[in-house]
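*Asks:* Supplied in structure tokens, the structure appears directly below.
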């Protein structure tokens, strides 16, 4: 039994090392080479694996903001286009002083109040020197978020297509039009 347990642990360790190796991640665009803990969870999301070959919408969120009801529209976008190769990832942040310090409260707003099923990450900075590495890279490509619910649309090839201000509603406008266009574009 001890040999079987040791062998199992060794295989899992080897699989983890192979997954993290440069060869295994060679097809990952540098922008998407990012991992973060999921909101109110011990699980980690590997953005490269999650978004590989998909059109991705990255949004910085806050639970106590006038734009918080956009969660409903973001969830509708996700449900409408996910089978076509679209995903949304939310990044709660208190950079604009409108996010709870208590992760459970943030999770409650997202998952219970708004029924969010797309991945939400643990709270992190999205602006300035303390911004997480994804948002630092996004700021270099398309400018930093100026407020909560700033949206970055990323193509299947991992390049930033466009950035949208907080005021851009998820449904029925330029954002949804760009998402449809990105989904219809030939895969790289």
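*Asks:* What pairs come up if the first residue lies in the stretch 135-149 and is without any contact (Cβ under 8 Å) to a residue 60 or more places away in the chain, the second is buried (at least 18 other Cβ atoms within 10 Å of the Cβ) and assigned to a loop (DSSP other than H, G, I, E, B), and their beta carbons are under 6 Å apart, counting only those six or more places apart or on different chains?
*Replies:* From the stretch 135-149, the pairs are 144/127.
*Asks:* Moving to a separate point now. Look through the stretch 73-97, keep the residues that are surrounded by fewer than 17 Cβ atoms within 10 Å (Cβ to Cβ) and without any contact (Cβ under 8 Å) to a residue 60 or more places away in the chain, and return whichever of them is nearest to residue 39 (Cα to Cα).
*Replies:* This residue is 97.
*Asks:* Given the conditions (1) surrounded by 15 or more Cβ atoms within 10 Å (Cβ to Cβ); (2) without any contact (Cβ under 8 Å) to a residue 40 or more places away in the chain, which single one is not true for residue 119?
*Replies:* If we test residue 119 against (1) surrounded by 15 or more Cβ atoms within 10 Å (Cβ to Cβ); (2) without any contact (Cβ under 8 Å) to a residue 40 or more places away in the chain, just (2) comes out false.
*Asks:* Can you tell me which residue is surrounded by the fewest Cβ atoms within 10 Å (Cβ to Cβ) among those in the stretch 122-140 that are within 12 Å of residue 30 (Cα to Cα) and in contact with a helix residue (DSSP H, G or I) (Cβ under 8 Å, 6 or more places away or on another chain)?
*Replies:* 137
*Asks:* Another one. Collect the residues in the stretch 55-66 that are in contact (Cβ under 8 Å) with a residue 12 or more places away in the chain and within 23 Å of residue 143 (Cβ to Cβ), keeping them in residue-number order.
*Replies:* We begin by selecting, within the stretch 55-66, every residue in contact (Cβ under 8 Å) with a residue 12 or more places away in the chain; these are 55-65.
Of everything in the stretch 55-66, those that are in contact (Cβ under 8 Å) with a residue 12 or more places away in the chain and within 23 Å of residue 143 (Cβ to Cβ) turn out to be 55, 56, 57, 58, 59, 60, 61, 62, 65.
*Asks:* Can you tell me which residue in the stretch 98-110 is farthest from residue 146 (Cα to Cα), limited to those that are touching a residue at least 12 places away in the same chain (Cβ under 8 Å) and out of contact with any strand residue (DSSP E or B) (no Cβ under 7 Å at 6 or more places or on another chain)?
*Replies:* So in the stretch 98-110, the residues touching a residue at least 12 places away in the same chain (Cβ under 8 Å) come out as 98-100, 103-107, 109-110.
Restricting the remaining residues to those that are out of contact with any strand residue (DSSP E or B) (no Cβ under 7 Å at 6 or more places or on another chain) gives 98, 100, 103-105, 107, 109.
Working: 98: 13, 100: 19, 103: 23, 104: 26, 105: 24, 107: 23, 109: 22 Å.
If we take residues in the stretch 98-110 being touching a residue at least 12 places away in the same chain (Cβ under 8 Å) and out of contact with any strand residue (DSSP E or B) (no Cβ under 7 Å at 6 or more places or on another chain), then 104 is farthest from residue 146 (Cα to Cα).
*Asks:* Residues that are closer than 21 Å to residue 49 by Cα, at pLDDT 95 or above and within 16 Å of the chain's Cα centre (by Cα): which helices (runs of 4 or more DSSP H) entirely in the stretch 69-188 hold 1 or more of them? Spell out the reasoning first.
*Replies:* Numbers: elements: 70-81, 103-107, 133-142, 174-184.
Per the criteria, 70-81, 133-142, 174-184.
The values are calculated or read from the model by the stated rules, or taken from the named source; none is laboratory data. Bear in mind the structure is a predicted one, so any value in this text is a computation, not a measurement. Using ideal geometry, Cβ is built from the backbone for each residue, glycine included, and neighbour counts are taken over all protein chains shown.
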